[in-house]
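Right, one structure below, let's go through it.
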Amino acid sequence: MRALKQPGLWLYVGGLLFWGLVILFLQDPTLRETSFTLLMYVGLASSLNILLGYTGYVSFGHIVFFGLGGYVGFYLLSHLGWSLYPAALFGGIFCSVLASLLGLAVLRLRGAYFALATIGVNEAARAFVSNFSPFGGATGMSLDYSGYSLYGGSMKALWLAFILVWLIAIAVVIMSYLVKQSRFGLGLMAIREDEDAAMVMGVKAPQAKTWAYALSAFFPGLIGTIYFFKNGNVEPGDAFRLHLSIEMLVMIMLGGQGTVLGPILGSLGYERLRGYLLVSPLFKNLHLAISGVALLLIILFVPAGAVGWLRRRFPRLRGVLE
Amino acid sequence: MQQLINSLTDGFLLGFVYGLAAMGLSLIWGVMSVINLAHGPVITVGMLTTYLLFVHLGLNPYLGMVVVAGVGLALGLLIYAIAVHRVISAPHLSSLLATFAVNMIMLGVFNAVFGGDQNNINYSLGSLSIGFLNLTYSRLLAALGAMLFTAFLYLFLFFTRTGKAIRAVANNREAAELMGIPSYRMLALSFGLGSLLAAVAGSLISTIFPFTIFSGGPYELKSFVICVLGGLGNPLGALIGGLALGLMEGVIPIWMPTSWVPVVEFGLFVFVLVVKPSGLLGAK
């Protein structure tokens, strides 16, 4: 476990731990809500980064796992009366299994074809769930208010949701770091650089890709269940937002793809920027356009993202900026 | 039976318009291997331009199409110059995200200027009855317009010097450059042409259905489906794919509720991509 001896891992995990503890200590509901959203994005973006940043496969519809995991977990919660923990776990595992099955088919596609296929999978899933009557069709499902009594009332349940998302975000970051330092991660990065050459060198590309896909689908499934548990209802439009999927890509690009710190910084930066634009009277109506301009500037001029830029600019920091 | 034939012809006529929009996407992909995620807003631009010309200047929507074509071409050239040119040789992620950024910018601007209201071009032409067959003139004219633009595109690509140059660049950019073709000008022109087709398709759609500023999005997704059915980068395949999709939309509601149509469409889309990525009509 070479990774455990490196300062970077401890720095990121320590930072996230400290953040959550401060929120728990302050007991401020507004702060908790913003932190919930931010940590959720950290978790989602970091899981997508395993597929996008390490393996180089652009998944435009990764939100499908958030939505489907959320739907499955929510169904278990509300209709079968499962407790939150096994329901969330099952949501995550369901997504992993689904991803490995789906991966057998779509991971054979490369580049833009793969990206198109993932958009198609997301749209197909949304359309299917909107028509699937056990999941409530187009209106979705909602949780009975008494459902929260199991967790000590709805107030306690909100705190529980925050703590879970916080722990999951930390777990994702640790996993992301470990994968990057492992032999498996090196194989993924070899695939990213040149898949054919990697296969010649003995990387078992189909297996490695499928594992990466399954791994990056697991945490969105978990997070989805917790998110919809906290919301108390789930509906197709909310679960399969293609836009959110692409925002995850933006966060990763902003922070720097293929790095552990990148998605963390990117999601914090993007969410702060959007929050500022949404409340500022001057930019309120134009917030989408301004986010677009920011994205375009990054793609055109800083394609390596913030962390990539820092690594190139300050070689001494490379030990910490993984 | 009557209902079947009626919905089939309706779908068939609409299919030409779908095909036109998809042809724009397919042309851009074929020439520069860029998937244009700003296709939807460009379709919306076509709708909005037609609407504004009709409401403020009282211009006939079908005459307005000439203006729309010009706007589409200019917009395409602009998008190419600002967003696409720098990332044309970069990995796919860059061009996908760059065009998506354009998509966000355009939607943001529409939202600030026009808001999310539904717009409707109130220009009814009545309908034509042949026996039990009922056709609205607006659909007939839309199909006719789409055919006309397809014919223009075909003539342009195959019988003019510039069109041949575009095809040469699509075939092999380096070789084309060695033959003295200014390849970047051809790339810009084909992006402009692709946007022109999208804008015209949007304009034709706006004469049939009411629309909002977000209406372009679903047609962009349909264009993806069509392109994959007909083979990415094959404009004629896109037209046939569009007709197939239009017919499907006409036929499927007979057996199952209309809301299942997208399930079938996108299911087929993923299936075709996985089984035969070159498209049902693809070469190899």
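Points to keep in mind about this one:
- The residues of the range B:47-85 that are touching a residue at least 24 places away in the same chain (Cβ under 8 Å), within 23 Å of B:Leu148 (Cβ to Cβ) and either outside any helix (DSSP H, G or I) or within 14 Å of chain A (Cβ to nearest Cβ) (or both) amount to a single one, B:Asn60.
- Boolean, A:Leu300 is within 13 Å of another protein chain (Cβ to nearest Cβ), without any contact (Cβ under 8 Å) to a residue 12 or more places away in the chain, part of a helix (DSSP H, G or I) and surrounded by fewer than 20 Cβ atoms within 10 Å (Cβ to Cβ): yes
- Cβ-Cβ distances below 9 Å connect the following pairs, each with a first residue in the range A:136-163 that is farther than 16 Å from A:Leu77 by Cα, a second residue that is of a type in the set (D, E, K, R), and a separation of six or more residues or different chains: A:Ala138/A:Glu235; A:Thr139/A:Glu235; A:Trp159/A:Arg32; A:Phe162/A:Arg32; A:Phe162/A:Glu33; A:Phe162/A:Lys230.
- Filtered residue count, the range B:102-121, keeping only those that are more than 7 Å from chain A (Cβ to nearest Cβ), part of a helix (DSSP H, G or I) and surrounded by fewer than 21 Cβ atoms within 10 Å (Cβ to Cβ): 2
- Filtering A:Gly91, A:Gly53, A:Gly61 for residues that are within 13 Å of chain B (Cβ to nearest Cβ), out of contact with any His (no Cβ under 8 Å at 6 or more places or on another chain) and part of a helix (DSSP H, G or I) leaves a single hit, A:Gly53.
- Residue count for the range A:164-194, restricted to those that are in contact (Cβ under 8 Å) with a residue 60 or more places away in the chain and in contact with a helix residue (DSSP H, G or I) (Cβ under 7 Å, 6 or more places away or on another chain): 20.
- Any hit, the range A:266-273, residues being in a helix (DSSP H, G or I), over 15 Å from A:Ser46 (Cα atoms) and touching a Ser or Thr at 6+ places or on another chain (Cβ under 9 Å): yes
- All helices (runs of 4 or more DSSP H) inside the range B:158-226 with 2 or more residues being closer than 26 Å to B:Asn120 by Cα: B:183-208
- Matching option when the condition is free of Cβ contacts under 8 Å to residues at least 60 places away in the same chain and either under 24 Å from A:Phe240 (Cβ atoms) or in a helix (DSSP H, G or I) (or both), among A:Val42, A:Val22, A:Val13: A:Val22
- Residue, farthest from B:Phe211 (Cα to Cα), within the range B:86-101, restricted to residues that are part of a helix (DSSP H, G or I) and more than 7 Å from chain A (Cβ to nearest Cβ): B:Ser95
- Test: residue in the range B:132-147 that is farther than 30 Å from B:Met104 by Cβ, crowded, with 20+ Cβ neighbours inside 10 Å and either of a type in the set (A, V, I, L, M) or modelled with pLDDT of 90 or more (or both): yes
- The numbered conditions (1) within 14 Å of chain A (Cβ to nearest Cβ); (2) assigned to a helix (DSSP H, G or I) are all true for B:Gly279 except (2).
The values are calculated or read from the model by the stated rules, or taken from the named source; none is laboratory data. All figures in this text were calculated on a predicted structure; none of them were measured in a lab. Methodologically, a virtual Cβ is constructed for each residue, glycine included, from the backbone with ideal geometry; neighbour enumeration extends over all protein chains shown.
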